[in-house]
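Chemist: Pasting in a structure now, in structure tokens, and then I'll have a few things to ask.
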Amino acid sequence: MFKDSLWVALGAVLGANLRYGVGRFVGRAIPVDFPFGTLLINITGSLILGAFFMWARQHDYVNHNWRLVVAVGFCGGYTTFSSFAWESYALIREGRWEMSLVYIVASNVLGLLAVVAGAMLVTKLTAPA
């Protein structure tokens, strides 16, 4: 069990640091009052998770440690659902109902589409020629 926690921690450190870097980069590149960084992180995190699970599904055996590192640790440290929830609440609290609706719908729809895209991408890349 302790060993599993180390695998999760390894992935989480990588994911959290990438989240921080992407968030800062997007915040500087797109200086508007909308959480584009969190939106991008949630979409790309969904893409990575969808691709990983499809890849794992296509292989008879994927080491349990890879699941812990990628799905639990990395994606858990990288994606930002709690930030998404707080930022949605903040937009609503500020009376920016339209912006909050755009953000909530875009995060959910684009996140779902990114999971599907990741799974399809792996399926296409690993299909026999």
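The values are calculated or read from the model by the stated rules, or taken from the named source; none is laboratory data. Everything numeric in this text was worked out from a predicted model, so none of it was measured. FYI the Cβ positions are ideal-geometry reconstructions off the backbone, even for glycines, and counts take in every protein chain you see.
Chemist: Looking at region 55-129, what helices (runs of 4 or more DSSP H) fall wholly within it and have at least 2 residues that are without any contact (Cβ under 8 Å) to a residue 40 or more places away in the chain and over 17 Å from the mean Cα position of the chain (by Cα)?
Modeler: The qualifying helices (runs of 4 or more DSSP H) are 81-93, 97-126.
Chemist: Tell me, yes or no, whether region 23-31 has at least one residue that is touching a residue at least 60 places away in the same chain (Cβ under 8 Å) and either more than 23 Å from Leu113 (Cβ to Cβ) or aliphatic (A, V, I, L, M) (or both).
Modeler: No, region 23-31 contains no residue that is touching a residue at least 60 places away in the same chain (Cβ under 8 Å) and either more than 23 Å from Leu113 (Cβ to Cβ) or aliphatic (A, V, I, L, M) (or both).
Chemist: Just to be sure before I move on: is Phe36 within 30 Å of Ala127 (Cα to Cα) and out of contact with any strand residue (DSSP E or B) (no Cβ under 8 Å at 6 or more places or on another chain) in the structure I sent?
Modeler: Spelling it out, it is not the case that Phe36 is within 30 Å of Ala127 (Cα to Cα) and out of contact with any strand residue (DSSP E or B) (no Cβ under 8 Å at 6 or more places or on another chain).
Chemist: Applying the selection to region 1-53, what residues are small (Gly, Ala, Ser), out of contact with any Cys (no Cβ under 9 Å at 6 or more places or on another chain) and within 26 Å of Trp66 (Cα to Cα)?
Modeler: Scanning region 1-53 gives Ser5, Ala9, Ala12, Ala16, Gly21, Gly23, Gly50, Ala51.
Chemist: Still on this structure, I have one more. Do you know which of the residues in region 48-106 that are surrounded by fewer than 18 Cβ atoms within 10 Å (Cβ to Cβ) and among the hydroxyl-bearing types (Ser, Thr, Tyr) is modelled with the highest pLDDT?
Modeler: Only one residue fits best here, namely Tyr89.
Chemist: Asp4: loosely packed, with under 15 Cβ neighbours inside 10 Å, acidic (Asp, Glu) and assigned to a helix (DSSP H, G or I), yes or no?
Modeler: yes
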